[in-house]
Structure formats: structure tokens, C-alpha cells
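A short reminder: the numbers here are calculations on the coordinates, not readings from a lab. Just so it is clear, the structure is predicted and the values come from calculations on it, not from any experiment. Neighbour counts run over all protein chains shown; Cβ positions are idealised from the backbone, glycine included.
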Amino acid sequence: MAFDVDFFVIGAGSGGVRSARIAAGHGAKTLVAEESRVGGTCVIRGCVPKKLLVYASRFRAEFEDAAGYGWTLPHASFDWPTLIANKDQEIARLEAAYTATLQKTGVTIVKTRAVLADAHTVQLANGERVRAAYILIATGGSPSYGEPISGVEHAISSNEAFHLRQLPPHVLVQGGGYIAVEFAGIFAGLGAQVTLVYRGENILRGFDDDVRSHLRMDMEKHGIRVLTGCKVAAIEQTAARFSVHLSSGNQLSADCVMFAVGRRPNVAGMGLEAVGVGIAKNGGIAVDEYSRTSVPNIYAIGDATNRVNLTPVAIREGAAFADTVFGARPTAVDHTNVPTAVFSDPEIGVVGLTETQARARLKQTDIYRSMFKPLKATLSGRDTTLLLKLVVDGVTDRVVGCHIVGEGAAEMVQVAAIAVKMGATKADFDATMALHPTTAEELVTMRQKSASYARAAAE
Ligand SMILES: Cc1cc2nc3c(=O)[nH]c(=O)nc-3n(C[C@H](O)[C@H](O)[C@H](O)COP(=O)(O)OP(=O)(O)OC[C@H]3O[C@@H](n4cnc5c(N)ncnc54)[C@H](O)[C@@H]3O)c2cc1C
């Protein structure tokens, strides 16, 4: 059977771009279809622009610290349009760089929507059809707005937050996940009044309970109002503002209402059902450990599969797919011990098991915990504390979890993740010489087993 290409990728995001590059490197004739911008969520409307906004918001703390170190600064003022224009310029540069790299490796890019017509045929929105030996669905995900409520059309998602014309004076963010707490920190750091509304008992469900309590405490200290156990019931436009009705009966006014209540895989309207590609219970495309769907020549990776929705994971899955299919090197991705960060204020970095998960799975769990004011904030008196926590298997002595809240948490955990992945024991951590004076040295100097923070706080 003759094919137009060896490999057709639907979606030029993190995973799609990587798989295309590696497959082309293995000699596959490769075509990528992208309906929006090359780079996908991470580059265009996710990790990268988010981190740039996070950097902008952190200058507030730097200015506060500076005074304690003897600096007198003129009154600092912030201009949102400048930040957004500079961010957009950088994103355009990255998009061009991604496009050029793909083209240099011999990949053809078509800027159009693509869906499945049959197991080997992709239908493009411009009317063309392409026959491919292998098809990869790397369509990512999109923001969800949750249950329909009156006035939901007034709410923005993270997609629009990156393009607001001005910084809203009062923002109401609904959601308790990482995107919600990150944007709450960004808006507050840049000078907005922020209220975070979350229907659950506490923010960051799935994270270690100590981390959740610690972040909430610090967010509240930094002026973010956190309302849990309620949700937005209706949004009404009142002149240039919004009146937000909460399920608790309260009513708040805001200039901007942002929903960050979850994301759903982009699988609708893709022709999956007709071709026989199965959907998993989590709403993503069902795949095996090699990212193969229920149709043998169709694979799916990244957020479209709703496994671990992070850029490095999508990239690994894309590379593993290309090596498996075009490099004759079957490669499965290990989804355990994936380090992850939340660029909230303060920042979070975690890898491995939470205390609750460890206690449910292990015979004996030991906890080591340290909480202190960072040296940098001592002279300024800035009100912030760091939390470092190790979760240790009490039988094997292996460090099975590392959780850090505070400046530099993500950088520290990226390195600690190597040790956790290698199976390092608490004795290995203890045998490592401290590097002084740093925050990370606490990781190798914690000697006393501790009660969990939640319990310690209650006692
Ligand atoms: C606000 C925000 C912040 C984030 N921060 C982080 C972070 O700090 N760290 C981290 O690791 N991850 C972060 N993520 C998650 C990360 O962006 C995703 O996990 C990652 O981009 C997934 O890559 P992907 O290749 O699966 O899909 P995507 O990057 O979403 O790419 C999918 C591409 O497919 C295109 N597409 C969809 N359907 C079609 C179609 N039918 N035809 C043609 N093209 C199509 C889309 O336009 C898109 O370009 C963040 C996400 C968001 C929203």
C-alpha cells in the first residue's frame, strides 16, 4: 500500500515537535499539522509565558528585601502592557526557532487542522487528504470551564490571561490546582487584589498536606484571600466590573474573573471513534506503555492521553514513540518519580510520594521536616518561611519523597530527583557534605524524625 508519508503528526506542541524531529532523524518522511501556533501550549500559552510573568511578579519581594540591605530605591512602578509586549516578542522568537529547527531536520509543517479519516488517512481542513504509515495524535489539551453556570462567558481562562490589556485591580481566580495558585501569585505580585475561590477543603489536591497548608498560609500572609469550600455560582456584569455570586451566598466584585478549574484532552471531533481509537476513563486517548492506541499504526502522546500532563513528559513520550517505531528501539516511558514544580508565591518543588501515599503503601514511614526563615529575608524582615520535607521508607531507608516550599524549590528538587530516582537512602543523604550557607543543605542535615506539619500545627 503506497503512503504519501511515513509519519503524520497531528499537533506541533512539546510532544509532537520532539517526535517529528527524532522520527525525521531516523529517516522517516514526516509531516506535522498545526492548527494554531508551532510550539503548542508550553511555548505559546503555558510554561514559558507563565514563567516570564512569574519572574515579573517576583520583583516585589526583591524590592522589599533590597531596603533591608541598605538600598534606597525610587518608587517602583509596574507597566503591564510593557511586560505583555516583551513576553509576546520572546514567544514569537521561540515559535520561529521551533519552526526553523523542524524544517532543518526535514520535517514539513502544514498550518491547518487535521483529523482522522481512516486508520491511515488524515483529513486536512484545507480539503487535502494525506495517507500515512503511522499517525501520532499529539493534540494536547484545553481549559475546561466546569459545570455550566450563568454568566460563565464573562470568565477568562489562562489562555486569555496572557493577553489582558491592563492589569485588573481586583482578580477573582477560581480553582485550586497549580495554574490557579500560580496566576493568583502572579496577579498579586504585580499589584492586584486577589481572591482565590476553591470548592475543595484545601488548595493543591494531590500534593503533600504539609505543602498545601504551608502554601496557603504564605499566600494569605502575602495578601491573597483564599476562600475554600465554595464555588462561583453565577457571574453578572455590572458596568465595567463583575458581580460574582458564590455558592456560600456571598457576593464579591471583581474586574476580572479567571477560571482555572482543570483541562480536558483535545479529542473531540478528531474522528477517533469512527476509526476505532479508544478513550480511557480519564477522558484521554487510551494507550499502552509504548503510547500505542487500540489501532496498531496510530499512537498518542502528551496531554491528549491525560497521563502526566507536563511538558518534559510529553517530550519523553514523543521521543520514546519515535525510537520505538522508526529507530527499532522499543522504549517505554517510566512515569514514576516525575519531579514537578508549582511556580506559586512561594514556589513548590516535589518528587516522589506524599506522606499520605507513603503511609498507605509502606510498612513504616519516617518524616524529616525543617521549617525556617530564609537567610535572605532576615535583614528585610520579609514574612516568609521555607519548608523542606523528606519522606523515607522506614524499612529500606530509601528516600521516597522530597517536598520543598520556598525560593529555589524547583531548582533544588530537579537535582534531588536524581537521588530519589537512583534509590538513594536517608543514610546517603546524611553522608553527603552540606554546602553552606544554602537552603538545600537542610536536605542533608535533617537528623530528627518529625511529626507531620499538619499534625505538629494541630498539637
Ligand atoms: C498555564 C499553563 C502553565 C503550564 N505550566 C507548565 C509548567 O510550568 N511545566 C510543565 O511541565 N508543564 C506546564 N504546563 C503543561 C504543558 O504545557 C503541557 O503538558 C504540554 O504542553 C503538553 O504538550 P503536548 O505536546 O501534549 O500538547 P500541546 O503542547 O498542547 O500541543 C498540542 C498542539 O496541537 C495543536 N492541535 C490540537 N488539535 C489539533 C488538530 N486537530 N489539528 C492540528 N493541530 C491541533 C494545538 O494547537 C497545539 O499546538 C502548563 C500548561 C498551562 C496551560
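For a Förster distance of 51 Å, can you work out the FRET efficiency between the beta-carbons of ALA85 and ARG329, rounded to the nearest 0.05?
That pair, ALA85 with ARG329, gives E of 0.70.
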Worksheet item: How high is the FRET efficiency from GLN357 to GLU62, r the C-beta distance, R0 25 Å, rounded to 0.05?
Response: 0.10
Discussion item. To the nearest 20 Debye, how big is the dipole of the chain about its Cα centre, given +1 on the beta carbon of each Lys and Arg and -1 on that of each Asp and Glu?
Written reply: 320
Discussion item. Between segment 199-216 and segment 8-52, how far is it from one alpha carbon centroid to the other, in angstrom?
Written reply: 33
Discussion item. Name the residue from THR112, GLY141, ALA155 whose Cα lies farthest towards the positive end of the charge dipole of segment 89-222, charges +1 on Cβ of Lys and Arg and -1 on Cβ of Asp and Glu.
Written reply: THR112
Practice prompt. With a 10 Å radius around each residue's Cβ, average the other Cβ atoms per peptide and rank 220-228, 16-24, highest first.
Written response: 16-24, 220-228
Worksheet, complete the sentence: Treating only Lys and Arg (+1) and Asp and Glu (-1) as charged, each at its beta carbon, one finds that segment 19-85 has a dipole about its Cα centre, in Debye to the nearest 20, of 380
Discussion item. I'd like the distance separating the alpha-carbon centroids of segment 233-273 and segment 64-87, in whole Å.
Written reply: 32
Practice prompt. Can you check what the net charge comes to around ASP88, using other residues whose Cβ is under 12 Å from the Cβ of ASP88 (Lys, Arg +1; Asp, Glu -1)?
Written response: +2
Worksheet item: Which of the listed residues, GLY206, GLY68, PRO330, is farthest toward the dipole's positive end in the chain, when Lys, Arg count +1 and Asp, Glu count -1 at the beta-carbon?
Response: PRO330
Practice prompt. Holding the Cα-Cα limit at 23 Å, pick out from LYS51/LYS449; LYS221/LYS376; LYS29/LYS104; LYS363/LYS426; LYS363/LYS449 the pairs that are longer than that.
Written response: LYS51/LYS449
Worksheet entry | Percent of beta bridges antiparallel (DSSP, the chain, rounded to nearest 5) | 60
Worksheet item: Are there chymotrypsin sites (Phe, Trp or Tyr not before Pro) in segment 1-97 that DSSP marks as loop and that have at most 12 other Cβ atoms within 10 Å, and which are they?
Response: TYR69, TRP71
Worksheet item: Among 134-141, 246-253, 40-47, 348-355, what's the highest-first ranking by average C-beta atoms within 10 angstrom per residue?
Response: 134-141, 348-355, 40-47, 246-253
Practice prompt. For THR378 paired with ASP428, estimate the spin-label separation in nm (one decimal), with each label point 7 Å from Cα along the Cα-to-Cβ line.
Written response: 3.2
Discussion item. Testing the spin-label approximation: label points 7 Å from Cα along Cα→Cβ at ASP118 and GLN103. State their distance in nm.
Written reply: 3.5
Practice prompt. Using just the helices of the chain, give the 222 nm mean residue ellipticity in deg cm²/dmol: DSSP H runs with n ≥ 4 each add -39,500 (n - 2.57), and the total is spread over all residues, rounded to 500.
Written response: -10000 deg cm²/dmol
Practice prompt. Calculate, in nm to one decimal, what THR445 and GLU273 gain on full extension: separation in residues at 0.36 nm each, minus their alpha carbon distance.
Written response: 56.4 nm
Discussion item. Based on alpha-carbon centroids, what's the gap between segment 360-375 and segment 280-331 in Å, whole number please?
Written reply: 34
Discussion item. If I fit a long axis through the Cα atoms of helix 178-189 and take the longest principal axis of the Cα atoms of the chain, what angle between them do I get, 0 to 90°, rounded to 10?
Written reply: 50
Worksheet item: Of GLY352, LEU215, GLY191, which is farthest on the positive side of the dipole of the chain, counting Cα position, with +1 on Lys and Arg Cβ, -1 on Asp and Glu Cβ, and the Cα centre as origin?
Response: GLY352
Practice prompt. At 0.36 nm per residue, minus the direct Cα-Cα distance, what do THR385 and GLU201 gain on full extension? Give it in nm, one decimal, please.
Written response: 64.0 nm
Response to the item:
Extend 7 Å from the Cα of THR238 along its Cα-to-C-beta direction; within segment 126-152, residues with backbone N under 16 Å of that point are 151
